[in-house]
Amino acid sequence: MRTRLLAVLVTFALAGVAAFAVPLLSTTADQRTQELVISRSSDVERFVVLAQQAVDAGDATALTAEAAEYSSLYSEAVLVVDTQRLPLVQTGGLTTGDPAVRALVEATLRNEPGPPVEQVTPWSAEPVLFTRPVGTGTRVSGAVVLRASAAQAASDVAGRWAAIVAGALVVAALFVLLSVLLARWMVRPLVELENGVLAVARGRRAQVPERSGPRELRSLAASVNRMSDAVVAAAEQQRRLVADTSHQLRNPMAALRLRLDSLAAELHDDPAYQATAAEVERLERILDGLLTLAAAESTSTRLAAGEDPEPADLGTVVAERVDAWRLSAEEANATLVPCAAHTEPVLVRMPENELAQVLDVLLDNAVHHAGRGATITAGWEAGPGTVTLLVTDDGPGLASEELSLATERFWRAGGEGAPRGSGLGLAIAREQTRARGGLLKLRAVEPHGLQVRVTLPAEVTP
């Protein structure tokens, strides 16, 4: 938007400067042309008077001397002819042998006005011919032709045009500078508003400056700040509700666990007791998952408060967690392929403990859901400004409609023999990834299997 606005402002500014400068250039050239015409017309009239005196007296001595002195002084040719087209005075090589001169003499002897002088421009190189008839309006006794150089006039026009163009460029530069400042003043609040809205969308608190830009944008910035405060407060209240509820349920759950443990010696083989104990264990896993999820959702709030976590080496974390899960994979009759050794650090903007938690969730799901005989690989690939963690298995995978549901809370894969979990693992991993500016996605692998891709911002090393 800034570019388009700047283009419009600059276009109007340059058009305004051009609308002023172009007519001024033409007016300046016309003015200098008129000065040339007035000056040379005065000289021609003087030669007309001298020529008439020479015709009346029958002596062209004074006329010849004046013409010679004029040509020597100004380097401009003079030609005076009588009605017989015979030259009375001829200087500077100006003769009736020139077709243009001959045509002009003929027209003058017929008492016809000469052609208008063309506008002098910096590139005018041809001399200008001025002519006047000798005699009265009813009786013409000769003609005077003056060939004037336009070089000085063209030089003057070039100098004046250069000054006008320089001034126009300075004014245009000022207009462009003002346009840039105006565009920045108008667009900067919009950019800040956009950043604020994006921050709210990521669950962060936005503080958009309210003292810059037009009044309408300042009012909108204040509204965005109020909306941000309300959204963050609502999210924080929701997180606290989940955390407080989970924490409050821990006490009765602990008491229930103690009572079950006290009955274990007498009712250990009772089916009802075993079902109750399994249900209590499932509820404990759900409570633990809810607490972990609440902690993951609070990460955005901590980031908005200015927390800048230490980056983690993805390669090191992957190697450690793969080694830790290898025994569990063997117990599940799955093969966990060791990751390739790396020499350079692969830094991502996520704390090491959170990255390990996310990877544990992915490896746990792969080990328990890929099935017997499955092969599980963990690795990564680098992109522009990002690093993507990849956990891939060749198990049965998920149906296309289940891929978007797998990261929802309390969703569990169906099917006979499927492990019964809390349904919070991938939801927790997604929230932890999103809180750090990343993205968690699931996709099917051909011919069968599942790949989880966790894209995280890469840490820029100085």
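The values are calculated or read from the model by the stated rules, or taken from the named source; none is laboratory data. What you see is a predicted model, and the numbers here were worked out from it, not measured in a lab. Cβ: placed from backbone, ideal geometry, glycine included. Neighbour counts: every protein chain shown.
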- Go through 305, 296 for me and flag whichever is within 26 Å of residue 237 (Cβ to Cβ), crowded, with 20+ Cβ neighbours inside 10 Å and modelled with pLDDT under 80. 296
- Message: Between 427, 435, 382, which is at pLDDT below 90 and exposed (fewer than 15 other Cβ atoms within 10 Å of the Cβ)?
- Response: 382
- Task: Using the structure shown, decide if residue 120 is in contact (Cβ under 8 Å) with a residue 24 or more places away in the chain, touching a Lys or Arg at 6+ places or on another chain (Cβ under 7 Å) and in a loop (DSSP other than H, G, I, E, B).
- Result: yes
- Query: Within the range 163-182, can one find any residue that is part of a helix (DSSP H, G or I), touching a Lys or Arg at 6+ places or on another chain (Cβ under 8 Å) and at pLDDT below 85?
  - Reply: no
- Message: Restricting to the range 105-118, give me the number of residues that are under 20 Å from residue 42 (Cβ atoms) and either touching a helix residue (DSSP H, G or I) at 6+ places or on another chain (Cβ under 6 Å) or polar (S, T, N, Q) (or both).
- Response: 2
- Message: Cβ-Cβ distance below 8 Å, separation of 6 or more or different chains: which pairs start in the range 159-187 with a residue that is closer than 30 Å to residue 216 by Cα and end on one that is hydroxyl-bearing (Ser, Thr, Tyr)?
- Response: 185/212
- Task: Please go through the range 139-154 and pick out each residue that is under 16 Å from residue 107 (Cβ atoms), crowded, with 17+ Cβ neighbours inside 10 Å and of a type in the set (A, V, I, L, M).
- Result: 143, 144, 145, 146
- Task: Among the numbered conditions (1) part of a strand (DSSP E or B); (2) among the small types (Gly, Ala, Ser); (3) surrounded by fewer than 17 Cβ atoms within 10 Å (Cβ to Cβ), tell me where residue 324 comes up short.
- Result: (1)
- Task: Answer yes if at least one residue in the range 437-451 is under 25 Å from residue 286 (Cβ atoms) and assigned to a loop (DSSP other than H, G, I, E, B), and no otherwise.
- Result: no
- Could you check how many residues of the range 1-55 are under 17 Å from residue 133 (Cα atoms) and touching a Ser or Thr at 6+ places or on another chain (Cβ under 9 Å)? 5
- Could you list, in sequence order, all residues of the range 42-76 that are touching a Phe, Trp or Tyr at 6+ places or on another chain (Cβ under 9 Å) and not in a helix (DSSP H, G or I)? 76
- Subset of the range 192-212 that is in a helix (DSSP H, G or I), surrounded by 13 or more Cβ atoms within 10 Å (Cβ to Cβ) and of a type in the set (A, V, I, L, M) - its residue that is nearest to the chain's Cα centre (by Cα): 193
- Task: For residue 40, indicate whether it is free of Cβ contacts under 8 Å to residues at least 40 places away in the same chain, within 30 Å of residue 65 (Cα to Cα) and not aliphatic (A, V, I, L, M).
- Result: no
- Note on the range 327-340: residues in a loop (DSSP other than H, G, I, E, B) and out of contact with any helix residue (DSSP H, G or I) (no Cβ under 8 Å at 6 or more places or on another chain) are 333, 340
- Query: Checking residue 178 against (1) exposed (fewer than 15 other Cβ atoms within 10 Å of the Cβ); (2) under 30 Å from residue 19 (Cβ atoms); (3) more than 21 Å from the chain's Cα centre (by Cα), which single condition isn't satisfied?
  - Reply: (3)
- Query: Do any residues in the range 329-352 that are at positive phi have Cβ atoms under 8 Å from those of residues that are assigned to a loop (DSSP other than H, G, I, E, B), where the two are at least six apart or on different chains, and which pairs are they?
  - Reply: 333/372; 333/373
- Among residues belonging to the range 392-424 that are closer than 17 Å to residue 441 by Cα and in contact with a Phe, Trp or Tyr (Cβ under 9 Å, 6 or more places away or on another chain), point out the one that is modelled with the lowest pLDDT. 423
- Query: If only one of 79, 94, 88 is touching a strand residue (DSSP E or B) at 6+ places or on another chain (Cβ under 6 Å), in contact (Cβ under 8 Å) with a residue 24 or more places away in the chain, part of a loop (DSSP other than H, G, I, E, B) and assigned by TED's automatic domain parsing to the domain that holds residue 119, which one is it?
  - Reply: 94
- Message: Any residue at all in the range 124-135 that's among the aliphatic types (A, V, I, L, M), surrounded by fewer than 16 Cβ atoms within 10 Å (Cβ to Cβ) and either assigned by TED's automatic domain parsing to the domain that holds residue 43 or farther than 21 Å from residue 34 by Cβ (or both)?
- Response: yes
